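Bear in mind these aren't lab numbers, they're just calculated from the coordinates by the rules spelled out. Treat the numbers as computed from the prediction; the structure is a model and nothing was measured. We place every Cβ from the backbone using ideal geometry, glycine too, and count neighbours over all the protein chains shown.
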Amino acid sequence: MLKTAAIILARGGSKGIPNKNIIDFCGKPLLAWTIEHCLNAGIEMVYVSSDSDEILNIGEQFGANRIKRPKEFSDDKASSESAWLHALETIETENGTVDWVLTPQVTSPIRSSNDILSALKIARSGKFDSILSVVEIEDFFIWGKDKENKIQSLNYDYKNRKRRQVIDKNYLENGSFYLFKPEVLRTYNNRLGGKISVSVMDKFKMFQIDNRQDLKLCEVIMTGYGLI
């Protein structure tokens, strides 16, 4: 049995949606969905790291432990990695060393505990050091502009368009969660390192909440796919 700790980052400030991490989403604070996904996946050490006492109090109401995050790890310039390292030190001081760290994103509520369980199964194989959640994309054609501001196809040749059936599968990093060994974070100061694997989620789980339009869209998806 892997000793796994979940670290959920949830700052108090938000420019796109005020109080985004605790805004009402499908009948409960947005943060609550991620806490419940972790607990329902059997993770006993679930922590919310935040600079906001209000967020920490709500986290405790839904079963998470609290870690008060210092200001230097809470401003716009602070990396997620720095906040995870701070939280990891607190967790291991209280509970001893852990085998894996799960870092789910609050703004990606379109997931289930089964998605986390699938990633933990990959971790138990002993073949990998870090895992990222992805969705498969088979016919995702991307366009962009070159240095002369001319539009061009980036990931395929539009003059020799392949049939969908023969296009190789690619993976889109959806940001829903990352799972890594503590030494990966400490060695590379990165959520990914060593032998990397992917945990594939359903395509409709690619969306996250950054603005109010996303909030409405994700509510429709959550309801339509019966995730409530």
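If you find the alpha carbon centre of the stretch 182-220 and of the stretch 86-131, how far apart are they in angstrom?
12
So what's the angle, to the nearest 10 degrees on a 0 to 90 scale, between helix 80-95 and the longest Cα principal axis of the chain?
The answer is roughly 40 degrees.
At most 15 other Cβ atoms within 10 Å plus a DSSP loop assignment makes a site exposed; report the longest stretch of the chain without any exposed GluC sites (Glu not before Pro).
Numbers: sites that count: Glu44, Glu138, Glu148.
My reading of the result: 45-137 is the longest stretch.
Taking the alpha carbon gyration tensor of the chain, what are the square roots of 5 times its eigenvalues, largest first, to the nearest whole Å? Provide the component values of the computation, followed by the final result.
Details: eigenvalues 188, 94, 69 Å².
The equivalent ellipsoid of the chain has semi-axes of 31, 22, 19 Å.
Can you give the relative contact order of the chain as a percent, counting alpha carbon pairs under 8 Å and 6+ residues apart?
Contact order relative to length: 23 percent.
Relative to the longest principal Cα axis of the chain, at what angle does helix 30-40 sit, 0 to 90 degrees, rounded to 10?
That works out to roughly 80 degrees.
Which loop-located trypsin sites (Lys or Arg not before Pro) does the stretch 72-162 contain, where loop means any DSSP state but H, G, I, E or B and the Cβ has at most 13 other Cβ atoms within 10 Å? Walk me through the intermediate numbers first.
Details: sites: Lys77, Arg111, Lys121, Arg124, Lys127, Lys145, Lys147, Lys150, Lys159, Arg161, Lys162; in loops: Lys77, Arg111, Lys127, Lys147, Lys150, Arg161, Lys162.
Sites meeting the loop and neighbour criteria: Lys77, Lys127, Lys147, Lys150, Arg161, Lys162.
Expressed as an acute angle from 0 to 90° and rounded to the nearest 10, what is the orientation of the C-alpha long axis of helix 212-224 relative to the principal long axis of the chain?
90
Work out the length of the dipole vector of the stretch 4-224 about its Cα centre, built from +1 on the beta-carbon of each Lys and Arg and -1 on the beta-carbon of each Asp and Glu, and round it to the nearest 20 debye.
With only Lys, Arg, Asp and Glu charged at Cβ, the dipole is about 880 debye.
Please compare each pair in Lys162/Lys203; Lys15/Lys71; Lys15/Lys68; Lys20/Lys195; Lys150/Lys205 to a cut-off of 27 Å on the Cα-Cα distance and tell me which ones are over it.
Beyond 27 Å: Lys20/Lys195; Lys150/Lys205.
Normalised by the residues of the stretch 1-90, what does the relative contact order come to in percent, with Cα pairs under 8 Å and at least six apart?
RCO, the stretch 1-90: 29 percent.
In deg cm²/dmol, rounded to 500, what helix-only [θ] at 222 nm does the chain give when every DSSP H run of at least 4 residues adds -39500 (n - 2.57) and the total is split over its residues?
Taken over the chain, the calculation gives -9000 deg cm²/dmol.
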